[in-house]
C-alpha cells in the first residue's frame, strides 16, 4: 500500500521567514496530494492541493510543488505569521478500484516565533 | 450549506465495551470516510462508505464496522474496545464528482478507553 513520509516533524521559524515541509510517497498511482492544517483541538482543514498533472500551484503565501518522477511534493509558506502556527499534514490519494484512499503523513508542527 | 458534524465530541468507555460514533455529512456529499488519529500522529484511514455500502477499508480489524444511511449520514461502531483504541475519530465527507476531490472533516470525537 501507499506510504507517505513527512519531514521535518517540528519546524520553528521567525515571523516573516519561509517554511518548507517535504513529503515523499511510494505508490506511483497516487494522483492527488492535499495539504491540511490542524490547529490544536480543531479539525484538519484543507489549505492547498495539487493533482498529478500539475507541477506547481500557488495560493497567496502558500505554494505546493510536485515531482512525480522522484515521488515527492513540498509545501512552501512565505512571509510566515504567528497564525500559521499549527500541525501540517501532507497526504497522497489513490483511486483504488472505485474508492479514494487517502494516506496521511505523520505531520509537521510549525511554530512561528513573533 | 451545513458542514460535517460529529457526535459525541468526547466519550469515555471501559475496555471490552462497544461504542457508536455518528457523523452527518456536508450537504450534497454522498461519500463518507472515517479516520483514526492517535495523539501526535496523522489520521489513519479506517473505511469509506458510498451509497450505503463500504467500498474501501484500511488496516483495521473487523471489530471496526460502520453504516451509511439514505441521507448519507454514517456511524462507526467499535466492538470489544481496547486501550489502544483511544484516539480522535474523524469523519470526512466528499462529493463523488470525480476521484480525488477535497474531503471536509468534522471536528472529531475524542474516545478514551480506560
**OP:** Put one equal scatterer on each alpha carbon of the stretch A:37-97, apply the Debye formula with no solvent term, and list log10 I(q)/I(0) at q = 0.19, 0.21, 0.23 1/Å to two decimals.
**Re:** -0.80, -0.94, -1.06
**OP:** Express the relative contact order of chain A as a whole percentage, based on alpha carbon pairs under 8 Å and six or more residues apart in sequence.
**Re:** 36 percent
Original post:
Which of rounded, prolate, oblate describes chain B, given a ≥ b ≥ c as roots of the alpha-carbon gyration tensor eigenvalues and a/c under 1.5 marking rounded, otherwise prolate only if a/b is larger than b/c?
Top reply: prolate
Subject >> Alpha carbon centroid spacing (whole Å) that separates the stretch B:49-91 from the stretch A:40-114 >> reply: 25 Å
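Residues of B:39-50, mean number of Cβ from any other protein chain within 10 Å of their own Cβ, rounded to a whole number? The partial results should precede the final answer.
Working: counts 0, 5, 5, 14, 9, 2, 9, 0, 2, 6, 1, 3.
Per-residue shielding by partner chains comes out at 5.
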**OP:** Report the FRET efficiency, 1/(1 + (r/R0)^6), for residue A:113 and residue A:58, where r is their Cβ-Cβ distance and R0 is 30 Å, rounded to 0.05.
**Re:** 0.75
Subject >> Selected from B:43, B:95, B:62 as most flexible by GNM, with chain B as the system and alpha-carbon contacts under 10 Å >> reply: B:62
Original post:
Just the Cα atoms of the protein assembly as shown, one point each, no solvent: what log10 I(q)/I(0) does Debye give at q = 0.14, 0.16 Å⁻¹?
Top reply: -0.88, -1.12
Subject >> Viscosity 1.306 mPa s, 10 °C: Kirkwood-radius Stokes-Einstein D of the stretch A:13-114 over Cα pairs, µm²/s >> reply: 113 µm²/s
**OP:** Between residue A:83 and residue A:45, with labels modelled 7 Å along Cα→Cβ, what's the label distance in nm to one decimal, could you check?
**Re:** 0.9 nm
**OP:** Could you check which residue among A:68, A:42, A:57 shows the biggest mean-square fluctuation in a GNM of chain A with a 10 Å Cα cutoff?
**Re:** A:42
**OP:** Name the residue, out of A:36, A:99, A:88, whose mean-square fluctuation peaks in a Gaussian network model built on chain A with Cα pairs under 10 Å.
**Re:** A:99
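Bear in mind that the values in this text are calculations on the coordinates, not laboratory data. These figures come from a predicted structure and were not determined experimentally. Glycine gets a Cβ as well: all are built from the backbone with ideal geometry, and neighbour counts include every protein chain shown.
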